[in-house]
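First the structure, in the form of structure tokens, and then the observations on it.
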Amino acid sequence: MTKKSVLFVASEGLPFIKTGGLADVIGSLPKELARQGLDVRVVMPLYLKMAINNHNDFDYVSSYDVRAGDIQSMANVYSQVVDGVTFYFIEHRDFFERDELYGYDDDAMRFGFFQHATCRLLEALNFFPNVIHTHDWHTAAIPFLCRTFYSYREEFRAIKQVFTIHNLAFQGIFHEHYLWAALGMDHGYYRDGVARFHDDCISFMKLGVLYADKVTTVSETYAKEILTEEFGENMQHVLELRRHDLVGIVNGIDYDTWNSKTDQYLVKNYDLSTIADKKANKLALQAQFGLPQDENVILIGIVSRLTWQKGFYLMTEVLSHLLQAHVQFVILGNGESDIENAFHHFKSAYPEKFAFYRGYNEPLAHQIYAASDLFLMPSMFEPCGISQLISMHYGTLPLVRETGGLVDTVTPYNIENKSGTGFSFGGRDAYSMKQVYDLALQTYYDRPEDWQAMIQQAMERDFSWTASAEKYIWLYREISG
Ligand code: ADP
Ligand code: GLC
């Protein structure tokens, strides 16, 4: 029997390039699916950093013309096999070899090109998978293109399509002119409402929602939330049309990368049986940031994009109160300047208690997950969240807002029976957060046996991909037999 074949298409993925949790998923779910017996391949753009760091390891695959709308370009394709998964990289120097991955005026053209180049790649390879699994707006038009632009070939029409929403807040909304310019599609798809979104605009994401056989998102709670006005980002009515094909499957984490027992970035490795060794990482991090070295003070970590989504306006509102307690904060991240400025301010006002590293830093992220006692993630919305999973797996209890995947993955502390894997609050206000923060500090200082019991529960939880990958395989089977 031939293996079921699935082609992932995504704008970022480990071990090559990462700006957020999407890259974690693309670097780990395909690997687990391959382990469970599927033929899994991944297509992504070849960015500047990869051209510099990885190009020598890539094998040349093919070159071909990509023509659609205003796109008349050549694509060069390279590949590399990692952990049983074949990655294809689409090279277009002008479009992708830039400092950043996203946020350019010509993003519609860049990702229009990428999606057409992906479809053309299937022709070039004569490889037509059973399922194409697309992720977020950068790849969301592919289900639509396979059933319109490329429908002249039976092979394209026969491919089943799964589209995963990792973050509905980013939809790829562009002027309707790009329906032709970037996708090569007739204006009629705007006029009849299929591609239309707001006045004069189209949404790539809407095409994925409408044309995929199944639409998934990265937690069960977020799958329900996005049908509401509060979380639907104006897409709720479109999603409602697909309600019966909308599925929430929670993310896992890569247990090879995230293993406190073998993690090469830690000063001292540990697991549940040697949990006391976790403290050595705390002392080292305190020294690294010039904080007083004290293994008893509660160390609160943050590793995050610094954006409204992540709830940092809530936090900065009460930060001067939070800092009155016996605490230390170590924060890693970058993003919106208001939040960065606030953190710079607190760093100079409380040098003994507050450390802030502005930027993206993989080794430091590992060290913070291992060194901290509490991990703060008060997100306003959170489709799944990878950070709270890593922190629990490292025995660092998360304090989260009850939204999206945070509800599905963090069990709040129950003082009656010492159960729980973290702390959570429901309100959208800073006061609710402060209340739970106080509870977390009390638990840490006054009920250390409860804290230890929670560490044990967190570290014993299964956050691997095994179960969720099985759910994806069921889904692929359901649509493609
Ligand atoms: P999102 O994808 O919304 O940013 P997730 O929690 O799903 O949030 O995933 C974030 C991922 O990016 C985690 O693996 C986290 O460790 C990592 N990360 C976020 N910010 C940084 C940073 N400044 N340096 C290193 N890793 C980071
Ligand atoms: C998005 C979401 C995050 C999720 C990640 C991976 O970036 O913001 O919650 O964990 O995608 O699915």
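The values are calculated or read from the model by the stated rules, or taken from the named source; none is laboratory data. Just so we're clear, the structure is a prediction, and the values are computed from it rather than from any experiment. Every residue, glycine as well, gets a Cβ built from its backbone with ideal geometry; the counts of neighbours run over all protein chains shown. For the accessible areas, the whole protein counts, side chains as well, though only heavy atoms, and no ligand, DNA or RNA atoms are used. Shrake-Rupley method; radii C 1.70, N 1.55, O 1.52, S 1.80 Å.
Residues in the range 386-405 that are open to solvent by 10 Å² or more (accessible area, probe 1.4 Å) and near ligand 1 (Cβ under 8 Å from one of its atoms): Ile386, Ser387.
In summary, Ala467 fulfils each of the numbered conditions (1) of a type in the set (Gly, Ala, Ser); (2) closer than 13 Å to Thr421 by Cβ; (3) open to solvent by 30 Å² or more (accessible area, probe 1.4 Å) with the single exception of condition (2).
Do we find that Tyr222 is within 16 Å of ligand 2 (Cβ to nearest atom), in the same structural domain as Phe144 (by TED's automatic domain parsing) and either free of Cβ contacts under 8 Å to residues at least 40 places away in the same chain or hydroxyl-bearing (Ser, Thr, Tyr) (or both) in this structure? The answer is yes for Tyr222. Put simply, of Phe128, Phe113, Phe95, Phe89 the only residue that is in contact (Cβ under 8 Å) with a residue 12 or more places away in the chain, surrounded by fewer than 20 Cβ atoms within 10 Å (Cβ to Cβ) and assigned by TED's automatic domain parsing to the domain that holds Ala195 is Phe128.
Scan the range 171-183 and give yes if some residue there is touching a residue at least 40 places away in the same chain (Cβ under 8 Å) and within 16 Å of ligand 2 (Cβ to nearest atom), otherwise no. Yes, there is a match, as at least one residue in the range 171-183 is touching a residue at least 40 places away in the same chain (Cβ under 8 Å) and within 16 Å of ligand 2 (Cβ to nearest atom).
Would it be correct to say that Ser372 is within 10 Å of ligand 1 (Cβ to nearest atom), hydroxyl-bearing (Ser, Thr, Tyr) and crowded, with 22+ Cβ neighbours inside 10 Å?
Numbers: within 10 Å of ligand 1 (Cβ to nearest atom): no; hydroxyl-bearing (Ser, Thr, Tyr): yes; crowded, with 22+ Cβ neighbours inside 10 Å: yes.
So Ser372 does not fit the description; no.
All of Ile165, Ile159 fail the test of being more than 16 Å from ligand 2 (Cβ to nearest atom) and closer than 24 Å to Lys471 by Cβ, apart from Ile159.
Taken over the range 21-57, the residue count meeting the criterion of being in a loop (DSSP other than H, G, I, E, B) and surrounded by 15 or more Cβ atoms within 10 Å (Cβ to Cβ) is 4.
What tally of residues in the range 143-163 results from selecting those that are within 20 Å of Ala75 (Cα to Cα) and surrounded by 22 or more Cβ atoms within 10 Å (Cβ to Cβ)? Count: 2.
Residue-by-condition table, conditions (1) touching a Lys or Arg at 6+ places or on another chain (Cβ under 6 Å); (2) on the phi > 0 side of the Ramachandran plot; (3) of a type in the set (S, T, N, Q); (4) open to solvent by 10 Å² or more (accessible area, probe 1.4 Å):
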residue: Phe289; (1), (2), (3), (4): no, no, no, yes
residue: Gln293; (1), (2), (3), (4): no, no, yes, yes
residue: Ile302; (1), (2), (3), (4): no, no, no, no
residue: Trp308; (1), (2), (3), (4): no, no, no, yes
residue: Met315; (1), (2), (3), (4): no, no, no, no
residue: Leu322; (1), (2), (3), (4): no, no, no, no
residue: Ala325; (1), (2), (3), (4): no, no, no, yes
residue: Ile331; (1), (2), (3), (4): no, no, no, no
residue: Phe346; (1), (2), (3), (4): no, no, no, yes
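In summary, helices (runs of 4 or more DSSP H) completely within the range 164-246 and bearing 2 or more residues that are surrounded by 19 or more Cβ atoms within 10 Å (Cβ to Cβ) occur at 177-181, 188-191, 204-211, 220-225. For the range 125-142, which positions are closer than 23 Å to Ser79 by Cα and in a helix (DSSP H, G or I)? Residues satisfying the conditions are Leu125, His138, Thr139, Ile142. Return yes when Leu101 is open to solvent by less than 10 Å² (accessible area, probe 1.4 Å), of a type outside the set (Phe, Trp, Tyr), in a loop (DSSP other than H, G, I, E, B) and within 16 Å of ligand 1 (Cβ to nearest atom) and no when it is not. Taking the combined requirement at face value, the residue does not satisfy it.
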